[in-house]
């Protein structure tokens, strides 16, 4: 449950911590005779009007109450009242956090009355107001303005029992406060941590009760016994169910006001909109990892604001309306002017885009979800413990998550945990782990040379976007080895880096000459090579519908005669070493005919400029052109590739290119995704490697790797 630092004097803010750092005393009996915790058994039918004192706002010091006992005053610490089953607990405020995070709220299931240890299941702990008792103020209460009219009643239920009785509850997704998180890790309550751990869920419950009527709430400050390690870990496995079962969850944006939300949806002007959209997307909520998981799992999310107001539109509607308003102001102001004004307000496109990605994930076919896309979302978020990423990614992908996996995930051997995660993704037919980019300063591990990201989870691992179509062969692991069936493209004869930087005319002339040098002047081969190097945006997965995947994109066959004349002319000029001006004239005519300099309707970039931007996105030499010899027809062709281990390509054995038939992502084209492999190691990949000939040679290609647990 990672956290964000919040100063102790701030309003309740965020932070999350889902895993424990140690195992201490887990059994503080709530029935003990300790003078700080009193349990009073009574009938559940206390008449309304029975009053008790309860410390709602906590102080760092105890209040001294003037009680006559000889001549000495007595220290009377205020208590917090909690109902659990037939027990009425009065818990001293200084013991509150220890009480609820150890065993103070334990009870049998409220439905089947069996103890949870008997079934080996954790309690789903919800709470509401106990309306039979009113909270009042008297001399022993340190608060002058109670925040809730009643104490709370806690219910513990098995998940199956909860569903069988169709119990409705509202889970609250929020970011943990730093003070609460530090107390959780240190197992040392502080006055501020106790104040926040009590106030935030109770104020949330009060706001939700006023808006929806009687409700039960799940809030991990109260609902998870943080110092019962085994139970806490069991509840981690239940998180997807906890947030996906109810019809609605609550998204607590505790640093965004109601007025800012209103100005995002119905802005009085662009200045107010920019300020508010920046405030919304810069919320601490969008910085943290665990809340992403909770949001994605939910059916619908209602918004709870900074001052505990319920917004009248669900989060999905706010996201969509914000996008519409962004488009409207960009159209009115122009992209450049809008970016200038938005940047001055602190607006960040990346955070806005990440919210869109989460919305897309929620509605995507689960079969098309990939580890790459999940890491792109999660890798932009912070959490305190590296292990938490493994929990979250497994939840998002619905990979095997059971008690046996817990020890692996929580192991100090994070390499093994990450390898097991990627291995399970491969076993599910997900090729994305093989297509990850190398991270700066990360050394290749000889146990699994293909494994990128084992040192840290980063969104920079993934650059292909959402999966649009699965590979034809989804069997990647065979006999305990990474051995997918791939389509041979051929042997790599040479590779040269090329960032496609310069004028369109210069870039095209250089590429055209290289195509002619490699494949000759065949107009169809020339046109196909241009489509592989400068693909049309319309052919990319993000702009394609399934029915369009195999449609012809770009220049039509009717243009081949015109192309042939110019290509042959260019080839003759190059062969005769004619003057540069005549070559430029012919090259520019061909460039114009192919339309490579014209902005495409799907984007504001020409096909050549798009290639340049893609190459420069890597911020280092990775993109370039490879000459490849087909192992079937033995002809040479030019392909574009992303290569990170080029210096090792020249010695034998040679690298080979392989296509992954059928696989399509946002930023690849149909039949274009592939791998460059040398001696069983992945040294590069391709996004646009469409077939250059009719040869279709299938091979089982083994990639060197140690299997998980082989150490």
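Averaged over all directions, how much area does the convex hull of the C-alpha atoms of the stretch 657-711 cover when projected, in nm²?
Working: hull surface 20.3 nm².
Mean orientational projected area (the stretch 657-711, Cα hull): 5.1 nm².
How would you rank 639, 159, 501, 273, going from fewest to most other Cβ atoms within 10 Å of each one's own Cβ? Display every interim value, and only then the final one.
On the way: 639 26, 159 15, 501 11, 273 23.
Result, fewest neighbours first: 501, 159, 273, 639.
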Once R0 is set to 25 Å, what does the formula 1/(1 + (r/R0)^6) return for the Cβ-Cβ distance between residue 593 and residue 517, expressed as a FRET efficiency to the nearest 0.05? 0.75
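Where does each of 365, 636 land when they are ranked from fewest to most other beta-carbon atoms within 10 angstrom? Could the numbers behind the result be given before it?
On the way: 365 9, 636 18.
Final ranking by Cβ density, sparse to dense: 365, 636.
Can you tell me how much longer the chain between residue 560 and residue 349 gets when fully stretched, taken as 0.36 nm per residue apart minus their C-alpha distance, in nm with one decimal?
Between residue 560 and residue 349, full extension yields an extra 71.7 nm.
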Based on a Kirkwood Rh over C-alpha pairs, give the Stokes-Einstein translational diffusion coefficient of the stretch 258-363 at 4 °C and viscosity 1.567 mPa s in µm²/s. 91
Rounded to the nearest Å, what's the spacing between the alpha carbon centres of the stretch 487-504 and the stretch 295-357? Just the number, please. 40
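How would you rank 320-328, 561-569, highest first, on the average number of other Cβ atoms within 10 Å across their residues?
Values: 320-328: 15.3, 561-569: 17.2.
Ranked from most to least packed, the peptides come out as 561-569, 320-328.
Can you give the FRET efficiency to the nearest 0.05 for residue 270 and residue 134, using r as the Cβ-Cβ distance and R₀ = 51 Å?
On the way: r = 49 Å, r/R0 = 0.96.
Step by step, r from the Cβ atoms, then E = 0.55.
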Taking a crude spin-label model, label points 7 Å out from Cα along the C-beta direction, the residue 77 to residue 706 distance in nm is 5.1
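Between residue 505 and residue 679, 0.36 nm times their residue separation minus their Cα-Cα distance comes to what?
Stretched fully, the residue 505-residue 679 segment lengthens by 58.8 nm.
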Quick one: if you stick a label point 7 Å off each Cα along the C-beta vector at residue 248 and residue 321, how many nm between them? 1.5
Quickly work out the residue 386-to-residue 307 label distance, labels modelled 7 Å from Cα along the C-beta direction, and quote it in nm with one decimal. 4.4
Share of alpha-carbon pairs per 10 Å distance bin for the stretch 72-222, given as whole %: 10, 37, 38, 13, 2, 0
What FRET efficiency, computed as 1/(1 + (r/R0)^6) with R0 = 25 Å and r the Cβ-Cβ distance, is obtained for residue 333 and residue 356, rounded to the nearest 0.05? 0.75
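For the residues 289, 593, what sequence is obtained by ranking on other C-beta atoms within 10 Å, fewest first?
Details: 289 25, 593 13.
Placing the least packed residue first, the sequence is 593, 289.
We did not get these values from a lab; they are worked out from the coordinates using the rules stated. This is a predicted model, so every value here is computed, not measured. A quick note on method: Cβ atoms are made from the backbone with ideal geometry, for glycine too, and the neighbour counts reach across all protein chains shown.
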